[in-house]
1. Being in contact with a helix residue (DSSP H, G or I) (Cβ under 9 Å, 6 or more places away or on another chain), within 16 Å of the ligand (Cβ to nearest atom) and basic (Lys, Arg) is the requirement here; does residue 222 meet it?
2. At pLDDT below 95 and at positive phi: is that true of residue 178 in this structure?
3. Can residue 240 be described as closer than 18 Å to residue 130 by Cβ and not in a strand (DSSP E or B)?
4. Return the residues of region 197-214 that are open to solvent by 50 Å² or more (accessible area, probe 1.4 Å) and either near the ligand (Cβ under 9 Å from one of its atoms) or touching a strand residue (DSSP E or B) at 6+ places or on another chain (Cβ under 7 Å) (or both); say none if nothing qualifies.
5. Please tell me if residue 175 is away from the ligand (no atom under 16 Å from the Cβ) and free of Cβ contacts under 8 Å to residues at least 12 places away in the same chain.
6. Which of the residues belonging to region 129-145 are away from the ligand (no atom under 16 Å from the Cβ) and either assigned to a helix (DSSP H, G or I) or surrounded by 21 or more Cβ atoms within 10 Å (Cβ to Cβ) (or both)?
7. Of all residues being among the aromatic types (Phe, Trp, Tyr) and within 13 Å of the chain's Cα centre (by Cα) in region 152-188, which is farthest from residue 238 (Cα to Cα)? Just the residue, please.
8. Given the criteria of a type in the set (D, E, K, R), open to solvent by less than 10 Å² (accessible area, probe 1.4 Å), away from the ligand (no atom under 15 Å from the Cβ) and within 19 Å of the chain's Cα centre (by Cα), does residue 149 qualify?
Amino acid sequence: RSFSCLPRKMSRWNSRDTCSPLPPQENPRVLITGDPSFFLKQYGTENVILSDIKKPPPNVYSSGPFVYADVLDYKHLRELIINNRITWLVHYSALLSAVGEANVALARKINITGLHNVLDLALEHCLRLFVPSTIGAFGPSSPRDPAPDLCVQRPRTIYGVSKVHGELMGEYLHHKYGLDFRCLRYPGVISVNTPPGGGTTDYAVQIFHDALSTGHHVCYLRPDTRLPMMHISDCHRATIEFMQSPECQLSLRTYNIAAMSFTPEEVAQEIRKHLPHLKVTYNPDSVRQTIADSWPIRFDDSNARRDWGWAPAFGLEELVADMLRSVREKRT
Ligand code: AKB
């Protein structure tokens with residue numbers, strides 16, 4: 001593979017030169033691997049291509065270009081980037097924490113080999129690259145309350161290991177070659193449109209669906225398991241704001257972002273303000289409980305707030321009211 005943003009005679013790994021000046025970033029052309037379609041609203045269907053190996057939900061079908069693309073297929077990704085004059089690559093494809101533990105080989109392939117492909121492509125084509133990281137990038141030896149941006153990171157899941165690897169590779173390529181790598185560590189993200197997908201924080205989505213269907217939720221975590229969480233619209237806004245921030249404002253390339261932290265019992269209590277009969281039974285499963293116990297209780301996101309003005313809009317009360325309204329709407 002040749003890297004066009006580097007002088008031709010030099011290979012990617014032995015050059016000390018950096019990326020040539022980036023194209024203007026005001027009107028990016030964005031390729032997204034994996035699920036999220038929120039870039040469509042911001043940049044328009046003519047500038048955003050969604051891709052995945054799964055058929056998109058019907059609302060995404062009608063809202064813009066969607067192509068089949070496997071993050072393990074380097075040549076096809078390159079073709080998409082060149083044919084569509086892509087300037088930003090947003091890489092969401094990954095296996096989450098719990099499902100990754102059940103299938104380590106696949107998680108390693110998608111989360112690490114897939115990531116290497118997008119890093120190489122971003123470097124080769126001088127793209128602005130966004131890769132999400134997570135509270136899962138921390139482990140039992142990290143400070144948990146709060147976890148700062150920079151500290152010991154020794155996660156015990158393949159998901160976490162792959163995310164730390166992504167953070168470090170991206171930052172390495174930024175410092176060595178000027179790759180415009182940007183990474184946010186997301187808390188558990190709560191959305192009505194994204195069904196639970198093999199994560200440890202999934203209960204905090206499922207509980208809303210159960211509350212409005214059977215009125216009974218069986219929780220796989222202990223009632224006092226506190227984790228950082230965020231409403232999807234805050235997560236989307238943070239990502240767009242971060243991607244739009246001028247490089248000179250960024251003192252880091254990987255930032256924690258926070259909104260709230262709650263336990264299963266606290267979210268259940270808040271839901272009971274609307275649905276007093278909600279019943280929750282606790283049946284902790286050893287894999288997800290162990291993972292949750294190794295993750296931060298709270299995130300310190302003071303660097304994101306200071307550098308590029310991050311501020312969440314949703315607290316627990318607003319999140320619960322909005323989720324109940326959205327799940328109700330979806331059911332009718
Ligand atoms: C998971 O639970 O695996 C994800 C995450 C916190 O990254 N939602």
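The values are calculated or read from the model by the stated rules, or taken from the named source; none is laboratory data. Bear in mind that the values here come from a model prediction, so they are computed numbers and not experimental data. Cβ atoms come from the backbone with ideal geometry, glycine included; neighbour counts cover every protein chain shown. Surface areas here come from the heavy atoms of the whole protein model, side chains and all, with no ligands, DNA or RNA. Shrake-Rupley method; radii C 1.70, N 1.55, O 1.52, S 1.80 Å.
1. yes
2. Working: at pLDDT below 95: no; at positive phi: yes.
No, not satisfied.
3. Yes; evaluated as a whole, the condition is true for this residue.
4. 206
5. Answer is yes for this residue.
6. Residue satisfying the conditions is 129 alone.
7. So the first thing to find is which residues in region 152-188 are among the aromatic types (Phe, Trp, Tyr), and the list is 159, 172, 177, 181, 186.
Narrowing further to those that are within 13 Å of the chain's Cα centre (by Cα): 159, 186.
On the way: 159: 22, 186: 10 Å.
That would be 159.
8. On the way: of a type in the set (D, E, K, R): yes; open to solvent by less than 10 Å² (accessible area, probe 1.4 Å): yes; away from the ligand (no atom under 15 Å from the Cβ): yes; within 19 Å of the chain's Cα centre (by Cα): yes.
It is true that residue 149 is of a type in the set (D, E, K, R), open to solvent by less than 10 Å² (accessible area, probe 1.4 Å), away from the ligand (no atom under 15 Å from the Cβ) and within 19 Å of the chain's Cα centre (by Cα).
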